[in-house]
Amino acid sequence: MSSDPILRLDGITKRFGAIVANEDVTIQLGRGEILALLGENGAGKTTLMNILFGHYLPDAGRVAVDGRELTLGKPRDAIAAGVGMVHQHFTLAPNLTVLENVMTGTERLWHPASATTAARAKLADLADRFGLAIDPDARVHDLSVGEQQRVEILKALYNQARILILDEPTAVLTRPEADRLFQTLRVMAKDGLSIIFISHKLYEVMTADRVVVLRAGRVTAERRTEATSREELAELMVGRRVTRPVRDATAPGPVLIKASGLCATAGRTALRDIDFTLHKGEILGIIGVSGNGQTLLAQILSGLARPHSGDLQLNGADITGLTAPELLRRGVARIPEDRNREGVVARFPLWQNTVLERLGDPRFASWGLVKRSAARAFCRDVISRFDVRGGGPETETATLSGGNIQKLIFGRNMIDGPAVLIAAQPTRGLDEGAISAVHKEILNARSDGCGVILISEDLDEVLALADRVQAIVKGRLSPAVGTDGLDAQQVGLMMAGEWSGHAHAH
């Protein structure tokens, strides 16, 4: 890395009304350096990078690339200066091919065949150089999430990016995909590319050369990764020592939920003969690599999809095919896998999203009219207890960080003490402090007798929280195994479909 910085952000300040997102932030990036921007949900990381890329206009400050000051608020100027950004939520056209997506915005609407041939050759060269293999003729809607991310990175490189920004690049990736991504970033840095990635995951930021910590919109620390530790960074990020809660040994109660022979199909996904039991005061972990049917299973258990055969019982009563509101009235709460699509309406204020699923509850509505004062009071309780940051009941939900939206969803479900909780990827997108808080709430619910079905791709999370675990592979569930004494290697084998030798638990 050269000592002469390729990028400087000086005195960046940005306010949204009364909320200060960034305050006097100064950061520099060296050539060939990988810089991790670490912070809690709502710390101002994404806002800062959106200012750098020209999406937001700051209230104060300047940005310079190679000593030339950028015209702020203009993405075209940032791109022309060599800044590329891969957003957390991809901006690809799903009906176009990989090559068409990469060329979009770089060529005229009508261009000769020779231009396409040259673009194909350039794309192939970039893919080969950086280990980003992709079929240029594949339609984006046919690609996995990891492959779509490769397309976004290739598009930035195609546009001559010298500085690459990645916003929460592993939020929707499996652990193996994430490991491959960071190997690729290291290759890019050796080739001279300068990289900033936003993260709140401590194991990820330790792959960087340097870490800048943001807290409440301000730079609070800066460390070389070889001179720090995950423990120090966690404390710098949240301002206190962070420890995750530990599951106590308890005896499970009677059976709450029993699934027998559940079969369902949705598109290319099929569930086949799903059997499990969930006991009162127990956490059952369902673990698997993304795309093995866990999303469809969560939807069936939450009342968002129906099985075409098999049955589901709650306390001995048939609940097969009940809708989400009907299940909610019976004490079955849900944390959806996709908070933005299934959890909230982005343009609604927080108080509306807090009671959106509870309009059949007489506390919040009667005779078709919403009791707004009661709904706002309930929202304030959720915000206070679950540390939802970014505004009050009237705040538009879209302005919150992803992690704070997740805390809102979690809080509205847990505050009344459900009998059953279907938690699909409950800590996806959360920072270390928030993960610790969510784990504590899940374990508290277990202590109160709630039965929890924890559907997660995080091996460490499942082993830490679950009493028993079942792996889901190609739409089938493994036998249930107690987690006491179980290690990550054994669970990994189960996730690969190797179930022999495992005994049923309970």
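The values are calculated or read from the model by the stated rules, or taken from the named source; none is laboratory data. All values reported here derive from a predicted model rather than from experimental measurement. FYI the Cβ positions are ideal-geometry reconstructions off the backbone, even for glycines, and counts take in every protein chain you see.
A few points about this structure:
- Sole exception among (1) under 24 Å from Thr399 (Cα atoms); (2) surrounded by fewer than 18 Cβ atoms within 10 Å (Cβ to Cβ); (3) in contact with a Ser or Thr (Cβ under 8 Å, 6 or more places away or on another chain) for Asn41, by number: (2)
- Members of the range 325-353 found to be touching a Pro at 6+ places or on another chain (Cβ under 8 Å) and assigned to a helix (DSSP H, G or I), listed by number: Glu342, Gly343, Leu350, Trp351
- Looking across the range 342-371 at every residue that is surrounded by 15 or more Cβ atoms within 10 Å (Cβ to Cβ) and among the charged types (D, E, K, R), the one that is farthest from the chain's Cα centre (by Cα) is identified as Lys371.
- Out of Ala298, Ala251, sole residue that is crowded, with 16+ Cβ neighbours inside 10 Å and in the same structural domain as Ala466 (by TED's automatic domain parsing): Ala298
- Scanning the range 1-34 for residues that are under 24 Å from the mean Cα position of the chain (by Cα) and over 20 Å from Leu72 (Cβ atoms) gives a single hit, Ile34.
- The range 189-224: number of residues that are farther than 14 Å from Ala43 by Cβ, at pLDDT 90 or above and in a helix (DSSP H, G or I): 2
- Criterion applied to Glu177, Glu232 was being among the acidic types (Asp, Glu), touching a residue at least 24 places away in the same chain (Cβ under 8 Å), part of a helix (DSSP H, G or I) and outside the structural domain of Met495 (by TED's automatic domain parsing), and the one residue passing it is Glu177.
- A count restricted to the range 444-465 and to residues that are under 21 Å from Leu312 (Cα atoms) and among the hydrophobic types (A, V, I, L, M, F, W, C) stands at 5.
- Within the range 225-240, the set of residues being over 21 Å from the mean Cα position of the chain (by Cα) and either surrounded by 15 or more Cβ atoms within 10 Å (Cβ to Cβ) or at pLDDT 90 or above (or both) comprises Thr225, Glu226, Ala227, Thr228, Ser229, Glu232, Glu235, Leu236.
- For the range 279-294, a residue qualifies if it is crowded, with 22+ Cβ neighbours inside 10 Å and either among the aliphatic types (A, V, I, L, M) or not in a loop (DSSP other than H, G, I, E, B) (or both), and the qualifying residues are Ile283, Leu284, Gly285, Ile286, Ile287, Gln294.
- Residue within the range 456-472 that is free of Cβ contacts under 8 Å to residues at least 24 places away in the same chain, surrounded by fewer than 20 Cβ atoms within 10 Å (Cβ to Cβ) and over 18 Å from Ile274 (Cβ atoms) present: no
- Single match in Leu359, Leu400 (criterion: hydrophobic (A, V, I, L, M, F, W, C) and within 25 Å of Arg428 (Cβ to Cβ)): Leu400
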